[in-house]
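The values are calculated or read from the model by the stated rules, or taken from the named source; none is laboratory data. Quick caveat, the model's predicted, so the values are computed rather than measured. Because the Cβ atoms are built from the backbone with ideal geometry, glycine has one as well, and the counts that use them run over all protein chains shown. Side chains included, ligands, DNA and RNA excluded: accessible areas come from the protein's heavy atoms. Shrake-Rupley method; radii C 1.70, N 1.55, O 1.52, S 1.80 Å.
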Amino acid sequence: MNKRTLRVLEYHKIIEQLTGFATCPEGKRICARLKPSVNPVEIQKNQEETGDALARVYQQGGISFSGVYPIGEAMKRAAVGASLSIPELLDVAKLLKVAENARQYGEQGRDQDGSGSGIRQDSLTGYFDSLIPLTHLAREINRCILSEDEIADDASSALKDIRRSIKAANSKEHEVLNGIVAKQTNQSMLQDAIVTIRNGRYCIPVKAEYKGQFPGMVHDQSSTGSTFFIEPMAVVNLNNELKELATKEEMEIERILAGLSEQVALSRESLEQDVELLTKLDFIFAKAAFARSYDGTEPEFNDRGIVEIKQGRHPLLEKHAVVPVDIRLGEDFTMLIITGPNTGGKTVSLKTLGLFTLMGQAGLHIPAFQGSRLAVFRDVFADIGDEQSIEQSLSTFSSHMTNIVYIMEHATRDTLVLFDELGGGTDPVEGSALAIAILNDLHNRQIRCMATTHYSELKTFAMTTEGITNACCEFDLDTLSPTYHLLIGIPGKSNAFAIAQKLGLSGAVIDRARAQLDTGTVDMETILANLERSKRTIEQEQAEIAANKEEIQKLKDRLASKNEHIEQRKQDILRNAREEAIEILEEAKSFADASIRRYNNWEKHPQTANNRELEQERSAIRSRLNEVNGKLDYKTPKRKSTHKPEDFKLGDTVHVISLNLDGIVRSLPNQRGELTVQMGILQSTVKITDVEILHEDKKQSREKKTANYTASANKARTIKPEINLLGMTVDEAVMELDKYLDDACLSHLNQVRVVHGKGTGALRKGIHAYLKRQSYVKSFRLGEFGEGDSGVTIVEL
């Protein structure tokens, strides 16, 4: 990519923001050196890594690589046998701690049962698995070194013995010196009753006139000569012993550091590999964190020069203030000419296309809706000037023209060209003619191009040339402000007369201005106005139609669900009735069989029977028969209403007990205690003893119970373990899948099957990108043999 394009599209600002998300110095350097690639395979790999890192961040949270410092120089010195310093060894320990944490982070996708069969494989798995934490080395360094200024006593047994001896010698020496200082006869001869250090030796401050009273070594004297610092002879040997012990301590520390350095040297390759992998992961997760900051998505790349940006937001503008734009190029037309007034958003749209291309080819996600498409361009050329002055000098025109000449010489079919105010800065007639000639030459060479202009001649050129389309940035005449929406297919209007009239310019002046325009210009403006008005009307009607279709579909779904619920309820009632009838009949049959056996016994042995027993048996059979008939009869409700005629009012909501239906009172009770109730399409006259008045709380309770039962029952019975997304676009499929997964979770499904087909793989890829973002998706995989192969995805919730 040429440097001028990177500068005018402000790519360096994107890189500055990206660098802020890296946590280690080398990761920041990689971010700072990031440039767009022109290799499709490399671009796809980088995008996949960013997407996988973003999915991990959404599901597992972020990860820090702070503590990874460059250790190259230290490794070189360790390799030749040199000892590393304490800070260098601590840097190695920090590096290994980060490697250990990163490896654990990479393993968080394992199954809870620890079988290892469900490890989530993505493009980052190899990086995490290749890390070598060297925990034994990190543990040894941390055991021996407590801080940059302190070596642990337990670093070696020799060091521990030396420090124990130092402590004992110090204690003995202080005891002797304190005895000399505390002696009463010495108080007047000492300048101060203290023990001090001179040249690393313990001394006492003696007045000059008493110097001879204290045999020993003089190490220093005060500037006035009144005080001599004398090391008493009694502690000379102890001080010498401390000096020797201090030397031994330093030598033992050097030996310990040399041993640790030797272990580091033996692990040099593993350490250098860890640094490289952690730096790479820091860079990848910086891209993911950056994408998360602006809700970025992975674009779909192609080599056919097709660009389709859905709801794209310029990444350098405030997220809450920027207006999303839809940009298309390369499929139905290869050139897009944007016209309209200043500050309408033309240049922002131009830069959005250019910057998205650079970001995408650099492996960064773009702030646009899922399913946006970008082309891989070998180079991007941009002639964009931010100067908005009314008078442009010849030197400005010359500068732009020099850049345009360079673009014309180097642009090819696989490059993207962006022009801002093409032909500006010179005579309008000559400028428009030059702009048409330049655009026509690029169009004949099939070069993808997007240009902004004020020249109306370019609108006509776009309308009369196949493969070139007009566009404009919408302007609201009521508020005299742009909406920043890009409308493709409609050329822009300057709206100068409308704005002037709105601001209060005399109507007569505006009429004279209109008279200065030729008929062709007036007709063109009229056509443009009608086109814009018609498009707005069509869009509004389409939105209403879509809303109506959605409402109709909801009503159809609700009706189907209700019918299914009624049918299920009907089947349940019939099944329960059959079971109860069978149970009653079986019980009656058993009783009848027992009675028949008794009668047969009486016939065989008449002497054992008497009339009284026969009559009792007949009574029992008759009673049992009445009981069975009572059970099989339809049972109407037994309860009665206690309301009085004066309790009822027209419009009251009531419940008819015998029919088990709710209705509205249409007439007051008559002399016979009857009133008319409207129950849906049924109107019936019933007695007040069969009617209950529903109060508001009772009514709401019944409605709530009905709604809750219906919702839960519908979810459990209507949800299917499979959703078919064949033939849908990525956007449509994601919306349907989102709603389906909500229902599946409410119905407690553990696994569902998503049918997307094989095709080009775009639908599958879009669905997988969506699934990676969902926290309630445990895992997902392509189907195996017998499940639909790669045409389906199995999702575990």
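Key figures
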item	result
Test: residue in the stretch 729-737 that is surrounded by 16 or more Cβ atoms within 10 Å (Cβ to Cβ), modelled with pLDDT of 80 or more and touching a Pro at 6+ places or on another chain (Cβ under 6 Å)	no
Entirely in the stretch 25-91, the helices (runs of 4 or more DSSP H) that have 3 or more residues that are open to solvent by 30 Å² or more (accessible area, probe 1.4 Å) and polar (S, T, N, Q)	40-60
Out of L749, L726, sole residue that is of a type in the set (A, V, I, L, M, F, W, C) and at pLDDT 85 or above	L726
Helices (runs of 4 or more DSSP H) contained in the stretch 391-494 and holding at least 2 residues open to solvent by 30 Å² or more (accessible area, probe 1.4 Å), at pLDDT below 80 and of a type in the set (S, T, N, Q)	394-410
Qualifying positions in the stretch 765-797 - among the aliphatic types (A, V, I, L, M) and in contact with a Lys or Arg (Cβ under 9 Å, 6 or more places away or on another chain)	L782, V792, I794, V795, L797
Elements of type strands (runs of 3 or more DSSP E) contained in the stretch 224-331, each with 1 or more residues being under 30 Å from F65 (Cα atoms) and among the acidic types (D, E)	300-302
Residue tally, condition surrounded by fewer than 17 Cβ atoms within 10 Å (Cβ to Cβ) and outside any helix (DSSP H, G or I), over the stretch 750-776	11
Scope the stretch 297-309; condition farther than 30 Å from T460 by Cβ and either modelled with pLDDT under 90 or surrounded by 20 or more Cβ atoms within 10 Å (Cβ to Cβ) (or both); matching residues	T297, E298, P299, E300
Residue within the stretch 778-794 that is under 20 Å from L124 (Cβ atoms), under 19 Å from the mean Cα position of the chain (by Cα) and open to solvent by less than 70 Å² (accessible area, probe 1.4 Å) present	yes
Scope the stretch 9-24; condition open to solvent by less than 10 Å² (accessible area, probe 1.4 Å) and under 14 Å from S66 (Cα atoms); matching residues	A22, C24
Residue ID - nearest to M1 (Cα to Cα), chosen from residues in the stretch 413-437 that are in contact with an Asp or Glu (Cβ under 8 Å, 6 or more places away or on another chain) and β-branched (V, I, T)	T415
Those residues of the stretch 67-90 which are touching a residue at least 24 places away in the same chain (Cβ under 8 Å), in contact with a helix residue (DSSP H, G or I) (Cβ under 9 Å, 6 or more places away or on another chain) and closer than 18 Å to S147 by Cα, in sequence order	G67, V68, Y69, S83, L84, S85, I86, L89, L90
Total residues in the stretch 166-199, condition touching a residue at least 40 places away in the same chain (Cβ under 8 Å) and either open to solvent by 70 Å² or more (accessible area, probe 1.4 Å) or in a strand (DSSP E or B) (or both)	1
Subset of the stretch 636-667 (residues that are hydrophobic (A, V, I, L, M, F, W, C) and surrounded by fewer than 14 Cβ atoms within 10 Å (Cβ to Cβ))	L650
Neighbours by Cβ (under 7 Å, 6+ apart or cross-chain): first from the stretch 216-230, over 15 Å from I197 (Cα atoms); second part of a strand (DSSP E or B)	S226/K207
Residues of the stretch 91-147 that turn out to be basic (K, R) and at pLDDT below 90, as a count	2
Where M359 falls short, out of the listed (1) at pLDDT below 95; (2) within 30 Å of F283 (Cα to Cα); (3) open to solvent by less than 10 Å² (accessible area, probe 1.4 Å)	(1)
Residue in the stretch 248-270 that is within 17 Å of H174 (Cβ to Cβ), modelled with pLDDT of 85 or more and crowded, with 18+ Cβ neighbours inside 10 Å present	no
Cβ pairs under 6 Å, 6+ apart, first in the stretch 355-371 and farther than 17 Å from K319 by Cα, second open to solvent by 10 Å² or more (accessible area, probe 1.4 Å) and in a loop (DSSP other than H, G, I, E, B)	L358/P36; Q361/P36; Q361/S37; A362/L34; A362/P36
Cβ pairs under 8 Å, 6+ apart, first in the stretch 553-576 and surrounded by 10 or more Cβ atoms within 10 Å (Cβ to Cβ), second among the small types (G, A, S)	H565/A713; Q568/A713
Residue in the stretch 334-352 that is surrounded by 24 or more Cβ atoms within 10 Å (Cβ to Cβ) and within 19 Å of Y11 (Cβ to Cβ) present	yes
